Amino acid sequence: MDYVLSGITQHRDRFIQELVEWLKIPSVSADPAFKNDVLHAAAYLKEQFEKAGMDNVELLPTAGYPVVYAEKITDASKPTVLVYGHYDVQPADPYELWTSPPFEPVIKTTELHPQGAIFARGACDDKGQVYMHVKALELMLSQQDLPCNIKVIIEGEEEIGSSHLGDFLKEYKEKLKADVILVSDTGIIDNETPSITNGLRGLCYMEVEVTGPNRDLHSGIYGGGVDNPLNVLCRLVGSLKDENGHITIAHFYDDVVELSAEEKAQINAGPVTVEDFEKSIGLPKSFGEQGYTLAEQLTIRPTLDVNGIWGGYTGEGAKTVLPAKAQAKISMRLVPNQSSEKIAEIFAQHFEKIAPPTVKVKVTPHHGGEPYVTPVNSVEFQAANKAMETTFGKKPLAMRNGASIPIVALFEEILGLKTVLMGFGLDSDAIHSPNEHYGLFNYFKGIETIPYFYQYYAELRQQA
């Protein structure tokens with residue numbers, strides 16, 4: 001596949017500029033104010049797939065934002081790979097913490113990206129990684145060198161829980177028939193240590209509300225006789241984990257699967273130390289569930305974290321008030337065999353049980369997703385393994401990822417397909433944070449590696 005590297009060299013500037021243009025589109029699915037921009041991003045991607053030479057490129061409707069679909073079917077006897085990604089991005093707030101505007105992409109060098117990184121919201125998650133597939137397919141189709149049939153679905157609601165994609169998969173199940181799904185929405189350990197994600201945590205996202213009096217109260221007149229809802233909320237939230245980082249909700253750990261010593265050894269084989277981790281995020285000292293290594297805490301153990309908490313007066317100066325209401329958003333990352341539906345139920349029961357009689361509580365579930373594991377001995381995983389070994393020059397590690405991609409479990413449930421998680425981002429790329437970026441090395445390494453996955457998958461399928 002020498003033509004892939006020569007094509008990258010020849011078209012390098014264009015490949016970067018096209019990505020820049022796409023990243024300029026603020027496709028924030030969570031905010032209705034950006035609706036037209038999200039639709040614009042979908043239209044831009046549709047046009048790029050058409051230019052790349054894909055067939056039957058269309059915007060398939062859902063109850064929310066459309067799914068960009070494209071295909072190239074060359075031979076019914078060849079295996080079919082279904083590529084998935086998303087074109088929506090997280091909100092860029094707080095804007096003031098960005099060193100450059102989030103939707104005005106710029107390329108800067110960093111310690112971890114000496115060849116340069118493109119800074120913009122969505123650069124790594126997931127527009128930059130989606131665009132690797134567009135350009136890899138363009139190069140392969142230019143040479144009519146496609147060892148697999150390809151189908152592509154790129155959705156516009158991943159960052160808000162993919163709430164309409166389950167129905168989409170059911171409606172288009174026949175159209176989406178394939179042999180495996182390929183996703184680039186994960187990362188590698190570092191640019192010297194390739195890795196492939198073979199497991200994801202699930203997600204259970206909840207909102208809690210604590211209500212006391214029927215209005216905000218003067219803290220001098222009423223203070224001492226009212227159980228302040230903010231104080232109550234802090235007590236309740238603080239009780240959800242003990243001093244050892246263990247979650248205190250009854251039956252929370254009932255379905256957690258303990259991994260074998262061999263599996264744990266693989267998870268702990270990465271080069272990142274606790275000191276590296278602390279330094280990378282400016283942390284005085286790391287903290288996690290006691291009895292587990294940092295790598296295990298970050299990937300194979302469930303979590304519970306407050307994502308936001310509010311109530312009362314938060315403006316400039318002082319306002320002596322007892323708030324009538326306090327609220328918090330809480331997420332729990334789940335591990336294999338845990339069910340997001342079950343965890344949501346026992347969380348609500350626990351929160352309502354521990355609330356004092358001085359307040360009323362309301363617990364609202366938001367979106368969730370199930371954990372997922374890809375067998376490392378499968379043909380599809382071995383194809384990705386071989387592809388990365390070819391382009392990086394060393395065998396990649398099989399690693400669990402602490403993040404969640406809820407749709408992956410749905411792919412198996414509805415389409416009956418396993419998913420290969422072959423991403424190229426770094427944990428330090430600040431996805432979901434100000435100054436998100438994606439290394440040019442990683443962008444082009446993805447374009448180089450993806451064609452090898454198709455080649456090796458077709459070969460291994462034939463041998464199986």
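A few comments on the model shown:
- When residues of region 21-69 are limited to those that are touching a helix residue (DSSP H, G or I) at 6+ places or on another chain (Cβ under 9 Å) and polar (S, T, N, Q), the one nearest to ARG121 (Cα to Cα): SER27
- For region 441-453, a tally of residues being buried (at least 20 other Cβ atoms within 10 Å of the Cβ) and more than 14 Å from GLU389 (Cα to Cα) returns 4.
- Given (1) more than 22 Å from ALA295 (Cα to Cα); (2) touching a residue at least 24 places away in the same chain (Cβ under 8 Å), index of the condition GLY416 fails: (2)
- Just one residue in the set ASP145, ASP93 is surrounded by fewer than 20 Cβ atoms within 10 Å (Cβ to Cβ), modelled with pLDDT under 95 and either over 21 Å from ASN442 (Cβ atoms) or in contact with a Lys or Arg (Cβ under 6 Å, 6 or more places away or on another chain) (or both); that residue is ASP145.
- The residues listed here are ILE150, ILE188, ILE154; of these, the one that is in contact with a Pro (Cβ under 8 Å, 6 or more places away or on another chain) and surrounded by 21 or more Cβ atoms within 10 Å (Cβ to Cβ) is ILE188.
- Filter result for the condition that a residue is crowded, with 24+ Cβ neighbours inside 10 Å, out of contact with any Asp or Glu (no Cβ under 6 Å at 6 or more places or on another chain) and either free of Cβ contacts under 8 Å to residues at least 12 places away in the same chain or closer than 30 Å to GLN463 by Cα (or both), over LEU137, LEU82: LEU137
- Some residue of region 375-396 being of a type in the set (Gly, Ala, Ser), in contact with a Cys (Cβ under 7 Å, 6 or more places away or on another chain) and farther than 22 Å from VAL130 by Cα: no
- Qualifying position, being in the same structural domain as ASP227 (by TED's automatic domain parsing) and modelled with pLDDT under 95, among THR314, THR358: THR314
- Where strands (runs of 3 or more DSSP E) fall wholly inside region 121-202, the ranges with 2 or more residues that are under 19 Å from the mean Cα position of the chain (by Cα) and within 24 Å of GLU263 (Cβ to Cβ) are 180-183, 195-200.
- Scanning region 101-132 for residues that are without any contact (Cβ under 8 Å) to a residue 60 or more places away in the chain and surrounded by fewer than 15 Cβ atoms within 10 Å (Cβ to Cβ) yields PRO101, VAL106, THR109, GLU111, PRO114.
- When residues in region 237-279 are screened for being under 30 Å from GLU207 (Cβ atoms) and of a type in the set (A, V, I, L, M), 7 of them pass.
- Look at region 353-370: where a residue is surrounded by 14 or more Cβ atoms within 10 Å (Cβ to Cβ) and a partner is β-branched (Val, Ile, Thr) and in a strand (DSSP E or B), sitting 6+ places away or on another chain with Cβ atoms under 6 Å, you get ALA355/VAL361; VAL359/VAL210; VAL361/VAL210; VAL363/VAL208.
- The condition (being under 13 Å from TYR438 (Cβ atoms), in the same structural domain as ALA30 (by TED's automatic domain parsing) and either modelled with pLDDT under 95 or of a type outside the set (Lys, Arg) (or both)) is satisfied by just one residue among GLY187, GLY161: GLY187.
Results for (1) surrounded by fewer than 19 Cβ atoms within 10 Å (Cβ to Cβ); (2) under 27 Å from LEU176 (Cβ atoms); (3) touching a helix residue (DSSP H, G or I) at 6+ places or on another chain (Cβ under 6 Å), shown as yes or no for each residue.
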position: THR374; (1), (2), (3): no, yes, yes
position: SER378; (1), (2), (3): yes, yes, no
position: ASN385; (1), (2), (3): no, yes, no
position: VAL408; (1), (2), (3): no, yes, no
position: PRO434; (1), (2), (3): yes, no, yes
position: LEU460; (1), (2), (3): yes, yes, yes
position: GLN463; (1), (2), (3): yes, yes, no
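Let's see how each residue does on (1) in contact with a helix residue (DSSP H, G or I) (Cβ under 7 Å, 6 or more places away or on another chain); (2) free of Cβ contacts under 8 Å to residues at least 60 places away in the same chain; (3) assigned to a helix (DSSP H, G or I):
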{"site": "LEU259", "(1), (2), (3)": "no, yes, no"}
{"site": "GLY288", "(1), (2), (3)": "yes, yes, no"}
{"site": "ALA295", "(1), (2), (3)": "yes, yes, yes"}
{"site": "TRP310", "(1), (2), (3)": "no, yes, no"}
{"site": "GLU316", "(1), (2), (3)": "no, yes, no"}
{"site": "ASN337", "(1), (2), (3)": "no, no, no"}
{"site": "PHE347", "(1), (2), (3)": "no, no, yes"}
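- Criterion (aliphatic (A, V, I, L, M) and within 22 Å of SER428 (Cβ to Cβ)) met by exactly one of ALA295, ALA265, ALA250: ALA295
- Cβ-Cβ under 8 Å pairs, at least 6 apart or on other chains, region 435-451 side touching a residue at least 60 places away in the same chain (Cβ under 8 Å), far side acidic (Asp, Glu): GLU436/ASP125; GLU436/ASP429; HIS437/ASP429; TYR438/ASP429; GLY439/ASP429; PRO451/ASP145
- Test: PHE277 is among the aromatic types (Phe, Trp, Tyr), at pLDDT 95 or above and out of contact with any Lys or Arg (no Cβ under 9 Å at 6 or more places or on another chain): no
- Residue that is surrounded by the fewest Cβ atoms within 10 Å (Cβ to Cβ) [pool: residues in region 203-225 that are assigned to a helix (DSSP H, G or I) and touching a strand residue (DSSP E or B) at 6+ places or on another chain (Cβ under 8 Å)]: TYR222
- Exactly one residue out of GLY53, GLY64, GLY7 is surrounded by 14 or more Cβ atoms within 10 Å (Cβ to Cβ), at positive phi and modelled with pLDDT of 95 or more: that is GLY53.
The values are calculated or read from the model by the stated rules, or taken from the named source; none is laboratory data. These numbers were taken from a predicted model, which means no experiment stands behind them. We place every Cβ from the backbone using ideal geometry, glycine too, and count neighbours over all the protein chains shown.
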